[in-house]
Amino acid sequence: MKQRFHEQLDLFVHQTTKEGKQECGDSFYFTATDDYFICVVADGLGSGKFANESSMAVVSLVEQNHQEDVEVLMKRCNEVLAHKRGAAVSIFKVHFKTREFVYSCVGNIRFFLYSPDGKLTYPLPVTGYLSGRPQVFNTQRYFYEPDSKFLIYSDGFDIHGAKSLLKGYRPVSVIAEEIISTHQNSADDATFIVGSLL
Ligand SMILES: [Mn+2]
């Protein structure tokens, strides 16, 4: 799937399901308004039906409340996962006018932001996963340059060399095709989203 998602954003999304499973344990959602773009990636613990139930609960919560702050959404995602299996959750929100983005993650979802001056930003996740227990978050705020690119992916992908993937002026579709051709994996649910902030 590829598209000019928004006048300030190109996106490419790719998702595969673990071999032999009907339902994907990873879920994602994104939307944009005139003011911001918000994206959530959730990797439900394990695979199959109950992993899907957890990651879909997270996605639904964000879908219905995307105007809220990232930290608030993370807390509410944690609450919604009580009595479910649990999930790694990453949420980020990009504010177009101020060129700021806010990022928070608990669990094994990786995020890279590459700015055209060669700087790579990769906020480290809080280890663990959300399952309704008391949870500390580490929500971070950054500024980004025009033409910055981001890559977010679940642990079904094991991507080395994010910087060399994102550098240069290649369209997101070309970066995505390279990831698909060199990192395909059917042993786990796998999701990546690559975007370019114009
Ligand atoms: Mn996984």
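Here are the numbers for the structure shown:
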{"item": "All strands (runs of 3 or more DSSP E) inside segment 1-49 with 3 or more residues being away from the ligand (no atom under 16 Å from the Cβ) and touching a residue at least 40 places away in the same chain (Cβ under 8 Å)", "result": "9-16, 36-44"}
{"item": "Scope segment 150-198; condition loosely packed, with under 14 Cβ neighbours inside 10 Å and within 16 Å of the ligand (Cβ to nearest atom); matching residues", "result": "158, 184, 186, 187"}
{"item": "Filter pass, residue 74 being under 20 Å from residue 156 (Cβ atoms), in contact (Cβ under 8 Å) with a residue 12 or more places away in the chain and assigned to a helix (DSSP H, G or I)", "result": "no"}
{"item": "Sole exception among (1) more than 16 Å from the ligand (Cβ to nearest atom); (2) out of contact with any Lys or Arg (no Cβ under 6 Å at 6 or more places or on another chain) for residue 107, by number", "result": "(1)"}
{"item": "Residue within segment 63-71 that is crowded, with 17+ Cβ neighbours inside 10 Å, more than 15 Å from the ligand (Cβ to nearest atom) and within 18 Å of residue 192 (Cβ to Cβ) present", "result": "no"}
{"item": "Among the candidates 47, 55, 90, 27, residue that is of a type in the set (S, T, N, Q), in contact with a helix residue (DSSP H, G or I) (Cβ under 7 Å, 6 or more places away or on another chain), under 26 Å from residue 182 (Cβ atoms) and surrounded by 16 or more Cβ atoms within 10 Å (Cβ to Cβ)", "result": "27"}
{"item": "Within segment 93-107, considering residues that are surrounded by 16 or more Cβ atoms within 10 Å (Cβ to Cβ) and either acidic (Asp, Glu) or in a loop (DSSP other than H, G, I, E, B) (or both), the one farthest from the chain's Cα centre (by Cα)", "result": "96"}
{"item": "Contacts under 6 angstrom Cβ, first residue in segment 180-198 being closer than 14 Å to residue 43 by Cα, partner among the acidic types (Asp, Glu), 6 or more apart", "result": "189/26; 191/26"}
{"item": "Scope segment 120-140; condition surrounded by fewer than 14 Cβ atoms within 10 Å (Cβ to Cβ) and not in a loop (DSSP other than H, G, I, E, B); matching residues", "result": "120"}
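Here, each number is a calculation from the coordinates, and none is a lab measurement. Keep in mind that this is a model prediction, so the values were computed, not measured. With ideal geometry, Cβ positions are generated from the backbone for all residues, glycine too; neighbour counts draw on all protein chains shown.
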